[in-house]
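Input: a single structure, listed below in structure tokens.
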2 protein chains.
Amino acid sequence: MILLLTNFTSNEVQMWLPLLEQALPAEQFCVYPDLPNLADIDVALVANPPAGVLATLPNLKLIQSLWAGVDALLRDATLPRDIPLARLVDPALTQAMLETVLTHVLSLHRQIPAYQAQQQAKVWQQLPQPSAAERKVAVLGLGHLGRVAAVQLKQLGFVVLGWSSRPTNLEGIQTFSGQDGLQTMLEQSEILVNLLPLTDETRGILNAQTLSYLPVGSSIINLARGAHIIEADLLAALDSGHLQHAILDVFTTEPLPTDHLFWHHPQITVLPHVAAATNPITAAKVVATNVLRLRSGQPLEHVVDRTRGY
Amino acid sequence: MILLLTNFTSNEVQMWLPLLEQALPAEQFCVYPDLPNLADIDVALVANPPAGVLATLPNLKLIQSLWAGVDALLRDATLPRDIPLARLVDPALTQAMLETVLTHVLSLHRQIPAYQAQQQAKVWQQLPQPSAAERKVAVLGLGHLGRVAAVQLKQLGFVVLGWSSRPTNLEGIQTFSGQDGLQTMLEQSEILVNLLPLTDETRGILNAQTLSYLPVGSSIINLARGAHIIEADLLAALDSGHLQHAILDVFTTEPLPTDHLFWHHPQITVLPHVAAATNPITAAKVVATNVLRLRSGQPLEHVVDRTRGY
């Protein structure tokens, strides 16, 4: 039996459940907190699950996340360590993230924030307009989303650099890894896009030191997790003029508190965590694929490596 | 001899002239108003030229514009009617316009203006986020720039429609023409991109009537000429809530007068005519190609059809 273990509203449950039942017609479902015999549950579909529940399920064989990021799940000390945990890797979510990356990279490339400031001041002035081929865009994180984004940016004509914790190759993209590689890449990054998973290694990766490596006048786009950036260090880098602009979709506290300085900072664009929302219609099919693999004894897809954290 | 006949500043002339001399080493150049024997001039390179001068050149064989648009030139009653007039069609300019189209279509697609309004009000709210495949983008004008833009938008996943005054085909794009076709297309256009040439036929093409065909909540992007839109009609359509947003790069009067209502309208983004600036480095090479074709008796490229006006 499949347990839907989430913090969803009843409206959200009513949206998800028929889609899951349609994608998995042979399965029985139950929805937390309305639980049957716990021993009957062998699959849990989770999204911000209440702590402790998973540990009470004696026959669990698969924990399937309904989100792409699993950092919050992994921080839960009660999460069973020996049950496969799968991330949601959904082509529709990838496409959404791709659109997000292009939207914000192009906005910074074409100095839209600067033109908006000019509009408010009624200033008619043409700013320098290098072509994409003269613009270096760097992608932090070369997992599935990072690789797709880097390739698409390259196709649009940008000079693309990419960094991942471990060395990797990507055609047409100059790749970097490790701490030295990070500094070398950041020193060339006019527009930096963060798509890293949040792990012990990447928490606070954008701090006073690493932000200082960026060229004067560069900008950053954070689409990953708020905890990747030390917020005070970012504010200092913007206020000093070292950084030109930051587009932030994620924050250490969400929703962003109303008294937070980011809301009214002229060099910060605040977005309410909308880079790539899970689409229940497509996600239900992706989830179904993994459940059917479990039932037929095939290897599960997108299982998280607990030692890497993603 | 080649005459540079423009309203360029001396700084601009000093930028252009060496590039032209380098691209056409066998040619002699003169710069208005410093004119030699008028009978020696057989090519004029023009950018907002002073009226009347071209008519005084007895041996003119080619008028080569340094801009893509020639509507202002054609409105000059003193323009010689029997001398070939060529537009600037520069791959670098095409690439710049392509980047501009993508920048603004993606911004509207992802509701960035609405999120900016939310930021000012400190509102954390996720808005509906259809994918590109669920978004209809319509391109007005299927000339060189319009066709390239339509194809690229299609590649990014949008549903793309296109309109031109005369019927044309474009793979994967639903095309329309004529007045009936215009209405049919506008009725489906969630995001409308104007890339038309300015002619007697297209002047004021976006007016109270045609704007009323657009779906409620749709948005427009004008990258062509201010005179394509009846400004009062656009304001009315925005104020009534029929249209959601307008991104305007061009205006009937440029620079946009400081007392113009557009500057502070919350549903209008004002840009200072920066969609695609001529790049002297690449443009000099394009101009040289046409001059060399003239010298060797080959057909000239991108000659304007005076009856069509582009």
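Of these, B:Thr78, B:Thr100, which one is part of a loop (DSSP other than H, G, I, E, B), farther than 21 Å from B:Trp16 by Cβ and either within 14 Å of chain A (Cβ to nearest Cβ) or at pLDDT below 95 (or both)?
Working: B:Thr100 fails: part of a loop (DSSP other than H, G, I, E, B).
Answer to the check: B:Thr78.
Scan segment A:166-195 residue by residue and report those that are within 17 Å of A:Gly217 (Cβ to Cβ) and modelled with pLDDT under 95.
none
For residues that are more than 10 Å from chain B (Cβ to nearest Cβ) and part of a loop (DSSP other than H, G, I, E, B), scanning just segment A:250-264, find the one that is least open to solvent (accessible area, probe 1.4 Å).
A:Val250
Inside segment A:133-179, can you point out the residues that are assigned to a helix (DSSP H, G or I), buried (at least 23 other Cβ atoms within 10 Å of the Cβ) and within 14 Å of chain B (Cβ to nearest Cβ)?
Once the filter is applied, which keeps residues that are assigned to a helix (DSSP H, G or I), buried (at least 23 other Cβ atoms within 10 Å of the Cβ) and within 14 Å of chain B (Cβ to nearest Cβ), segment A:133-179 yields A:Ala149, A:Leu153.
Can you say whether B:Gln188 is open to solvent by 10 Å² or more (accessible area, probe 1.4 Å) and part of a helix (DSSP H, G or I), as far as the supplied structure shows?
Answer is no for this residue.
For (1) within 24 Å of B:Gln244 (Cβ to Cβ); (2) among the hydrophobic types (A, V, I, L, M, F, W, C); (3) assigned by TED's automatic domain parsing to the domain that holds B:Ala72, each residue gets a yes or a no:
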residue	(1), (2), (3)
B:Leu156	yes, yes, no
B:Leu170	no, yes, no
B:Leu182	yes, yes, no
B:Asn194	yes, no, no
B:Thr199	no, no, no
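Of the residues that sit in segment B:119-132 and are in a helix (DSSP H, G or I) and at the interface with chain A (Cβ under 7 Å from one of its Cβ atoms), which one is farthest from A:Gln267 (Cα to Cα)?
The qualifying residue farthest from A:Gln267 (Cα to Cα) is B:Ala132.
Residues A:Ala237, A:Ala284, A:Ala246, A:Ala288: which one is part of a strand (DSSP E or B), at pLDDT 95 or above, aliphatic (A, V, I, L, M) and touching a helix residue (DSSP H, G or I) at 6+ places or on another chain (Cβ under 8 Å)?
After ruling out the rest, the residue left standing is A:Ala246.
Just for segment A:83-110: of the residues that are buried (at least 21 other Cβ atoms within 10 Å of the Cβ) and polar (S, T, N, Q), which one is farthest from A:Arg306 (Cα to Cα)?
A:Ser107
Restricting to segment B:265-278, and then to whatever is in a loop (DSSP other than H, G, I, E, B), in contact with a helix residue (DSSP H, G or I) (Cβ under 6 Å, 6 or more places away or on another chain) and open to solvent by less than 10 Å² (accessible area, probe 1.4 Å), can you tell me which residue is nearest to the other protein chains (Cβ to nearest Cβ)?
Ranking the qualifying residues of segment B:265-278, first place goes to B:Leu271.
Given the condition within 24 Å of A:Trp67 (Cα to Cα) and either more than 22 Å from the chain's Cα centre (by Cα) or basic (Lys, Arg) (or both), answer yes or no: does some residue in segment A:189-209 qualify?
So far as segment A:189-209 goes, yes, one or more of its residues are within 24 Å of A:Trp67 (Cα to Cα) and either more than 22 Å from the chain's Cα centre (by Cα) or basic (Lys, Arg) (or both).
Could we say that A:Pro113 is away from every other protein chain (no Cβ under 14 Å) and open to solvent by 10 Å² or more (accessible area, probe 1.4 Å) here? Step through it out loud before you land on a result.
Numbers: away from every other protein chain (no Cβ under 14 Å): no; open to solvent by 10 Å² or more (accessible area, probe 1.4 Å): yes.
No; evaluated as a whole, the condition is false for this residue.
Using the structure shown, decide if B:Ser219 is touching a strand residue (DSSP E or B) at 6+ places or on another chain (Cβ under 9 Å), over 16 Å from A:Gln119 (Cβ atoms) and modelled with pLDDT of 95 or more.
So B:Ser219 passes the test.
Restricting attention to segment B:198-210, does a residue exist that is part of a strand (DSSP E or B) and within 14 Å of another protein chain (Cβ to nearest Cβ)?
Looking for residues that are part of a strand (DSSP E or B) and within 14 Å of another protein chain (Cβ to nearest Cβ), one finds none in segment B:198-210, hence no.
Given the conditions (1) free of Cβ contacts under 8 Å to residues at least 40 places away in the same chain; (2) open to solvent by 60 Å² or more (accessible area, probe 1.4 Å), which single one is not true for B:Ile281?
Unmet condition: (1).
The values are calculated or read from the model by the stated rules, or taken from the named source; none is laboratory data. Quick caveat: nothing in here was measured; it's all calculated off a predicted structure. FYI the Cβ positions are ideal-geometry reconstructions off the backbone, even for glycines, and counts take in every protein chain you see. These area figures cover heavy atoms from the full protein model, side chains too; ligands, DNA and RNA do not enter into them. Shrake-Rupley method; radii C 1.70, N 1.55, O 1.52, S 1.80 Å.
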